[in-house]
Amino acid sequence: MAQIIDGRAVAAEVTDRVGAAADTLKTEAGTQPGLAVVIVGDDPASKVYVASKGRTARACGFLSVEHTLPEETGQAALLGLIDDLNSDPAIHGILVQLPLPDHIDEGAVIQAIAPDKDVDGFHFINVGKLGTGVTDSAFVPCTPAGSMLLIDTVLGKDLSGKNAVIVGRSNIVGKPMFNLLLSANATVTVAHSRTADLPALCRTADILVAAVGRPQMIKGDWIKPGATVIDVGINRIPAPEKGEGKTRLVGDVDFESAAETAGAITPVPRGVGPMTIAMLMVNTIVAAYRAAGRVPPDF
Ligand code: GUN
């Protein structure tokens, strides 16, 4: 049976350190870190994530500002709000919750965020820095950054000689994860829906990262014995065993069968999910330190 990687515990340690760093910044520079989260529309899952981000930010001692805009908000109005937040000295991090409604150009919104407040790490400047290894001043997307910390708890920081397979090529997870694993000296393959014989490829992975958004797609017999499995998926499926109309969360990995073969595996929930929020706090405190002209601590 695999070691279950406790993302909630690792995330709690990270947010404790962020809270301590926030205290230091307040005492020494008189700066309170400020995070603004913008949500457009009523997507229930997005609302849950945004509420959780606000709660954690307050627990870290941050100023937490939430802008909830109606579904029919126009692009110009959203860009106007981002302009205001870009020039607000009390705000160090800006996150616009995705997905946005179809009538808004997501790319235009992301590129409107000032790169030094882009705590999602989605702006071209930050993507380019990560891709060229300029990691000391880049903001790294939160889910991949959190996944790397979880891998670190099992395998350490140097992944020399390890084969990593990422299933999924999204801008939010797959592509930044590729860069982070490569920077850690892993040999990395990015698989996707057009990959031939995905099960055989997954069986070559010492590190398997699942980020496809398909419930329980990756089965136990796709896992190399002893592999470290990072399940980024958060999928809601019917759970009639809990009662009529009830649902439960599962990952992209079939946990029961995978845990028999893997060396270590993240559960869903309480795996990667809490790390995403913890790394948002890290990026925000880092932004606040930089804005105050100070060198942020390492996390
Ligand atoms: N929606 C799902 N994941 C994310 C994320 O990491 N950042 C933002 N802004 N929206 C998301």
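Under 5 Å from the amide H of Val188 lie the amide H atoms of Ala164, each residue being 5 or more positions distant or on a separate chain, with H modelled from the backbone and absent for Pro and chain starts. Each Lys and Arg adds +1 at its Cβ and each Asp and Glu adds -1 at its Cβ; summed about the Cα centre, the chain shows a dipole of about 540 debye.
Under a 5 Å amide H cut-off, with hydrogens placed 1.01 Å from N, Val38 pairs with His67, Leu95, Val96, Gln97 among residues at least 5 apart or on other chains. Across segment 125-137, rounded Karplus estimates of 3J(HN,Hα) from the backbone phi angles (6.51 cos²θ - 1.76 cosθ + 1.60, θ = phi - 60°) give 4, 6, 4, x, 5, 4, x, 9, x, 8, 7, 6, 10 Hz, Gly and Pro being marked x.
Beta bridges from DSSP with both residues in the chain: antiparallel share about 10 percent, rounded to the nearest 5. Coupling constants for segment 76-83 follow from the phi torsions by the Karplus curve (6.51 cos²θ - 1.76 cosθ + 1.60, θ = phi - 60°), and in residue order they are 4, 5, 5, 5, x, 4, 4, 4 Hz; glycine and proline get x. Note on segment 178-210 and segment 235-299: Cα centroid distance 19 Å, given to the nearest whole angstrom. The modelled label-to-label distance for the pair Leu63/Thr153, using points 7 Å beyond Cα in the direction of Cβ, is 3.3 nm.
Summing Lys and Arg as +1 and Asp and Glu as -1 over all other residues whose Cβ lies under 14 Å from the Cβ of Tyr49 gives a net charge of 0. Close amide H contacts of Arg248 (hydrogens built in the peptide plane, cut-off under 5 Å, sequence separation of 5 or more or a different chain): Ile237, Ala239. Within the straight-line cut-off of under 28 Å between alpha carbons, the lysines reachable from Lys224 are Lys157, Lys162, Lys175, sequence neighbours fewer than 8 places apart in one chain being disregarded. Once the C-beta distance of Leu182 and Glu244 is scaled by a Förster radius of 41 Å, the resulting FRET efficiency is 0.30 to the nearest 0.05. Excluding same-chain neighbours fewer than eight residues apart, the aspartates and glutamates reachable from Lys47 by a Cα-Cα span under 15 Å are Glu66, Glu71. A DSSP coil position with no more than 11 other Cβ atoms inside 10 Å describes the following GluC sites (Glu not before Pro) in segment 214-299: Glu244. Computed per residue of the chain from DSSP H runs no shorter than four, each worth -39500 (n - 2.57), the mean residue ellipticity at 222 nm is -12500 deg cm²/dmol.
Working note: Karplus 6.51/-1.76/1.60 with θ = phi - 60° gives segment 152-161 the couplings 4, 5, 9, 10, x, 7, 9, 9, 3, x Hz, where Gly and Pro are set to x.
Since every read-out is calculated from the coordinates, none of them should be taken as a lab result. These figures come from a predicted structure and were not determined experimentally. Here Cβ is always computed from backbone atoms with ideal geometry, including for glycine, and neighbour counts include all displayed protein chains.
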